[in-house]
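Please treat every number below as a calculation from the coordinates, not as lab data. Computed from a prediction, not measured in an experiment: that's the story for all the values here. All Cβ positions, even for glycine, are placed from backbone atoms using ideal geometry, and neighbour counts span all protein chains on display.
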């Protein structure tokens with residue numbers, strides 16, 4: 001029997017990619033929190049209902065920074081069973097962002 005012993009290549013994240021993901025995740029989370037705080041404290045959504053779209057988009061971006069950007073360098077450490085919910089969450093966040101852009 002002809003059997004080839006192949007091993008899958010591990011997804012290795014470089015140091016530059018790790019710095020990119022962690023720094024952008026932290027800065028993005030910080031600025032999205034600031035925008036949400038300003039919007040929730042100072043913006044009257046009764047007077048300007050379009051601001052609800054901005055708040056929704058900012059919240060989706062915040063969740064993306066927290067769920068994807070800060071965890072992406074460590075994805076290879078996750079158990080395989082967690083990959084499906086992880087990518088479904090990322091897909092859902094991206095779908096919400098697209099809906100907010102089109103709306």
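Descriptive notes on the structure:
- Between residue 86 and residue 53, full extension at 0.36 nm per residue minus the direct alpha carbon distance yields a gain of 9.4 nm.
- Only helical runs count toward this figure. For the chain, summing -39,500 (n - 2.57) over DSSP H runs of n ≥ 4 and dividing by all residues gives -21000 deg cm²/dmol at 222 nm.
- Summary value for the stretch 18-103: 40 percent relative contact order, contacts being C-alpha pairs under 8 angstrom separated by 6+ residues.
- For the peptides 24-34, 80-90, the ranking by mean Cβ contacts within 10 Å, running from highest to lowest, is 24-34, 80-90.
- Shape of the chain, Cα gyration tensor, a/c cut at 1.5: prolate
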